[in-house]
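Structure first, commentary second.
We did not get these values from a lab; they are worked out from the coordinates using the rules stated. Remember, it's a predicted structure, so these values are computed and weren't measured experimentally. Cβ placement follows ideal geometry from the backbone for every residue including glycine, while neighbour counts extend to all protein chains displayed.
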Amino acid sequence: MHKIERLLQDRILFLDGAMGTMIQKHKLSEEQYRGQRFADYQHNLKGNNDLLSITQPHIITEIHNQFLEAGADIIETNSFNSTAVSMADYHMEFLVDELNVTSAKLARNAADTYTAKNPDKPRFVAGSIGPTNKTASLSPDVNNPGYRAVSFDDLVATYRQQTIALAKGGVDIFLIETVFDTLNCKAAIFAILEVKEEMGLDTPIMISGTITDASGRTLSGQTVEAFWYSVSHAKPLSIGLNCALGADQMRPFIKELSDKAWCRVSAHPNAGLPNEFGEYDETPESMSKVVGEFASSGFLNIVGGCCGTTPEHLKAIIDRVQSEKPREIPLLGL
């Protein structure tokens, strides 16, 4: 049994908060994104947050440390967009291996430092694997519904590359998150399972989907229950939801996963819904109250935050949830 599985039997574990939100607080310029190495690069790089693992590693390390100091058990690598498909926007496909290895090592070093400070509270690194900016199920051309901007095989290849690099960097978990298209997720699962077999890894997989609105469906049209059954063959460590919705709006869908899933359940909601300025207004106190109710209702095994959540949000959630018992896995499907 993996060490994290043993811990999950005893308590709810805490995932970190929003890397992007914390980066935005630094208000970095184009020059700061570029650093010395890419000072003369022929394309704009501002907004390529994953690149900061290479050009501004001290900022990424500081963010990891802030979430670890708040009490995170699991921190995510700064690799959400570190795939060839997504890096094509910045003409940086050539950098994918280095981005993932470097991001994983930064998180690994931070986690190991905090584990050494308190061996009774081991810290884990989740390799963040985002959905890419393309969908395998839907056409981006309204005049050609059969067109696809990316194929399943293309996605498998790009996820294989990311998975291998994250493994080389030393991650404890592969986290497929913000899934809006289950076919993209299936490509990631296929790639990860293939790499695990080839490399002889026992690294567990976490899967987290995103619900686009109150209809309770993913962008590609699946209900929460259908999404779970579509990915359950991966035998994940956990299934969950993140992004898109604030905690309040997420509750019925987390409950449904809790009722149906025969693995652990995770939630890392946004700090409410974005306001007219694209910012998030949910306070640590109000968010922790809602998430705390999830825990006391027996829905959760892993909890953290997505867009808009800070170390202050995480600390408030931990203070509210840490005394709650973890959700018991139903015997369904076993």
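Laid out as a table, the results:
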| read-out | value |
| --- | --- |
| Taking the chain and dividing mean pair separation by its residue count, relative contact order in percent (alpha carbons under 8 Å, at least six apart) | 18 percent |
| Value of relative contact order over the stretch 190-334, rounded to a whole percent, pairs C-alpha under 8 Å and six or more apart | 21 percent |
| Gyration tensor verdict on the chain (Cα atoms; rounded if a/c is under 1.5, prolate if a/b is larger than b/c, oblate otherwise) | rounded |
| Using θ = phi - 60° and Karplus 6.51 cos²θ - 1.76 cosθ + 1.60, couplings along the stretch 230-245 (whole Hz; Gly, Pro as x) | 6, 10, 5, 4, 6, 6, x, 4, 8, 10, x, 10, 8, 6, 6, 10 |
| Footprinting exposure proxy for Arg6, Arg108 (fewest neighbouring C-beta atoms within 10 Å first) | Arg6, Arg108 |
| Karplus-derived 3J(HN,Hα), 6.51/-1.76/1.60, for each residue of the stretch 13-22, Hz, glycine and proline x | 9, 10, 8, 6, x, 7, 4, x, 4, 5 |
| Under 13 Å, Cβ to Cβ, from Met287 - net charge with Lys/Arg +1 and Asp/Glu -1 | -3 |
| Order of Arg320, Arg264 under a 10 Å beta carbon neighbour criterion, fewest first | Arg320, Arg264 |
| Overall form of the stretch 114-260 per C-alpha gyration tensor (a/c, 1.5; a/b vs b/c) | oblate |
| Expected 222 nm ellipticity per residue - DSSP helices of 4 or more, -39500 (n - 2.57), all of the chain, to 500 | -13000 deg cm²/dmol |
| Other-chain or far-sequence residues with amide H under 5 Å of Leu300's (modelled H) | Arg327 |
| For the stretch 223-293: rounded, prolate or oblate by the Cα gyration tensor [a/c cutoff 1.5] | prolate |
| Where the Cα pairs of the stretch 189-334 fall when distances are cut into 5 Å bins, in % | 2, 10, 19, 20, 19, 14, 10, 4, 1, 0 |
| Exposed GluC sites (Glu not before Pro) absent - longest run of the chain, DSSP non-H/G/I/E/B, at most 14 other C-beta within 10 Å | 1-275 |
| Residues His43, His26, sorted so that the one with the fewest Cβ neighbours within 10 Å comes first | His43, His26 |
| Long-range amide H partners of Ser208 with built H, under 5 Å | Ile176, Glu177, Thr178, Val179, Gly240 |
| Mean-position separation - Cα centroids, the stretch 41-87 and the stretch 296-317, in angstrom | 20 Å |
